[in-house]
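Each remark here refers to the structure printed beneath this line.
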């Protein structure tokens with residue numbers, strides 16, 4: 001019988017069977033342990049398909065609020081122009097909610113724009129409801145998210161972003177992408193990747209280069225726009241013929257391509273978000289552009305970032321943490337080299353100079369022992385403010401998109417992707433654990449089970465044929481059509497690359513830091529070139545860096 005694997009970390013428990021959250025061992029400003037540390041057992045994004053379900057969920061929520069003696073918090077924020085209201089009895093959730101997003105006043109101060117008078121999206125998150133299990137629900141018809149008996153902020157944030165994303169896509173043609181952006185010399189790099197393949201590492205890594213600006217870490221809003229004959233840049237939202245909408249939101253792009261030269265009226269937004277009215281024939285639809293807008297005021301991210309970027313620890317040690325564990329002696333022994341590398345960067349610097357060596361080493365270990373420990377990071381404390389996009393309505397032009405993966409069975413390092421291969425990668429969405437995640441986005445507020453079942457039917461005909469099979473199909477799910485139409489626009493607007501973050505398999509690489517540094521240099525080279533045949537593997541990538 002194999003020996004039991006030693007425990008590397010533990011969490012304090014609660015004697016209260018109904019508690020969705022409780023204090024953890026102190027670290028940072030506060031450490032909250034949540035009973036649910038991932039997705040809830042019930043996750044229903046198809047509430048509208050069950051008559052009466054939404055009404056029951058909302059009635060049960062507000063009956064509980066009326067009868068409960070617990071404090072209930074309500075706070076409105078603005079997420080890419082939409083007003084979103086959270087109602088919760090969780091101190092942890094409301095604290096993270098306030099930290100994460102722009103309040104109404106902050107939005108106006110940063111952008112000069114007034115938020116909507118009433119909420120566009122509602123989220124209700126209540127704990128200690130004995131008649132409900134741990135569950136998450138979403139109603140597209142009512143633009144409402146309901147959570148019961150869970151305080152894990154990661155799922156709440158993702159479902160809210162999904163709800164906002166659906167509304168922005170359908171009504172404005174704005175693409176919500178689970179990705180990260182950094183700019184170099186004014187050119188934007190967009191990373192799209194499943195968890196564990198290096199999205200955050202790549203974003204922070206490129207910031208080591210000169211003339212770079214940090215844009216976003218986890219989620220971006222992309223607007224596709226066309227140059228006009230009179231020098232403007234317009235992102236279309238509606239196309240009107242004879243006083244009636246013939247295309248709206250994500251449907252406008254294909255319509256404009258198919259009716260190039262039309263005299264239809266186009267209503268859209270300029271890059272400063274002002275409303276623009278123009279004529280379709282004045283748009284250069286052959287040369288679309290993609291612009292990214294950041295979403296978060298303060299980034300909710302994994303604290304294991306400290307392992308590769310020790311400077312993040314200075315802000316994280318002041319942050320409220322979620323699910324920072326206690327580490328065991330076995331963990332400290334197994335990870336001595338990683339802890340030592342970070343220790344040498346932090347030792348003797350404030351506020352870590354007040355800690356003993358053992359306390360500092362343990363603190364470092366607690367930041368990355370559990371892969372889903374989270375913190376709120378104010379990126380302007382890591383990089384100078386002038387190197388950070390702090391106005392959520394300041395656009396960043398996307399010049400290259402990187403689909404990251406980590407596959408040690410492949411020798412590929414990087415290659416330019418055709419449209420068919422780009423779309424096949426997104427459709428299959430295979431993660432490092434072998435699971436499938438459509439467009440690497442588990443946040444999407446759709447019935448992904450039915451989408452995945454449909455995709456399986458065309459994947460069975462061969463990955464190399466997937467895009468052709470998709471185009472021929474007449475029964476594709478509308479939510480998938482919506483998503484892939486916008487990704488088609490992304491490929492038309494920017495260079496697309498397949499990137500395999502496995503340089504450490506090269507025997508000449510001496511450590512993880514060297515692998516990360518060389519990968520970043522490769523990404524910058526890709527951003528700077530226009531080669532269609534850009535292709536390097538583990539034996540040839542060195543030529544690119546000479």
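The values are calculated or read from the model by the stated rules, or taken from the named source; none is laboratory data. Predicted model only: the values in this text are computed from it and were never measured. Here Cβ is always computed from backbone atoms with ideal geometry, including for glycine, and neighbour counts include all displayed protein chains.
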So for segment 153-174 (the condition being assigned to a strand (DSSP E or B), touching a strand residue (DSSP E or B) at 6+ places or on another chain (Cβ under 7 Å) and under 27 Å from residue 38 (Cβ atoms)), does at least one residue qualify? no
Scanning segment 170-189 residue by residue, the ones that are buried (at least 21 other Cβ atoms within 10 Å of the Cβ) and over 11 Å from the mean Cα position of the chain (by Cα) total 8
If you take the residues of segment 431-451 that are touching a strand residue (DSSP E or B) at 6+ places or on another chain (Cβ under 8 Å) and surrounded by fewer than 17 Cβ atoms within 10 Å (Cβ to Cβ), which of them is nearest to residue 171 (Cα to Cα)? 436
Quick check: is even one residue across segment 386-397 under 26 Å from residue 503 (Cα atoms) and surrounded by 17 or more Cβ atoms within 10 Å (Cβ to Cβ)? no
Scanning segment 454-466 for residues that are in a helix (DSSP H, G or I) and either touching a helix residue (DSSP H, G or I) at 6+ places or on another chain (Cβ under 9 Å) or over 17 Å from residue 437 (Cβ atoms) (or both) gives 454, 455, 457, 458, 459, 463, 464, 465, 466
With respect to the numbered conditions (1) at pLDDT below 95; (2) within 28 Å of the chain's Cα centre (by Cα), which one is the sole condition not fulfilled by residue 252? (1)
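For (1) touching a strand residue (DSSP E or B) at 6+ places or on another chain (Cβ under 7 Å); (2) more than 30 Å from residue 111 (Cα to Cα), each residue gets a yes or a no:
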{"residue": "350", "(1), (2)": "no, yes"}
{"residue": "353", "(1), (2)": "no, yes"}
{"residue": "361", "(1), (2)": "no, yes"}
{"residue": "365", "(1), (2)": "yes, yes"}
{"residue": "380", "(1), (2)": "yes, no"}
{"residue": "390", "(1), (2)": "no, no"}
Out of all the residues in segment 422-453, which are in contact with a helix residue (DSSP H, G or I) (Cβ under 7 Å, 6 or more places away or on another chain) and either assigned to a helix (DSSP H, G or I) or free of Cβ contacts under 8 Å to residues at least 60 places away in the same chain (or both)? 422, 423, 424, 426, 427, 428, 436, 438, 439, 448, 451, 452
What strands (runs of 3 or more DSSP E) lie completely within segment 201-248 and have 2 or more residues being outside the structural domain of residue 274 (by TED's automatic domain parsing) and under 30 Å from residue 387 (Cβ atoms)? 212-216, 220-227
Filtering segment 20-49 down to residues that are surrounded by 13 or more Cβ atoms within 10 Å (Cβ to Cβ), out of contact with any strand residue (DSSP E or B) (no Cβ under 7 Å at 6 or more places or on another chain) and over 18 Å from residue 154 (Cα atoms) yields 46
So for segment 317-336 (the condition being buried (at least 19 other Cβ atoms within 10 Å of the Cβ), within 28 Å of residue 183 (Cα to Cα) and touching a residue at least 60 places away in the same chain (Cβ under 8 Å)), does at least one residue qualify? yes
For segment 249-264, which residues satisfy the criterion of being buried (at least 17 other Cβ atoms within 10 Å of the Cβ) and more than 18 Å from residue 174 (Cβ to Cβ)? 259, 262, 264
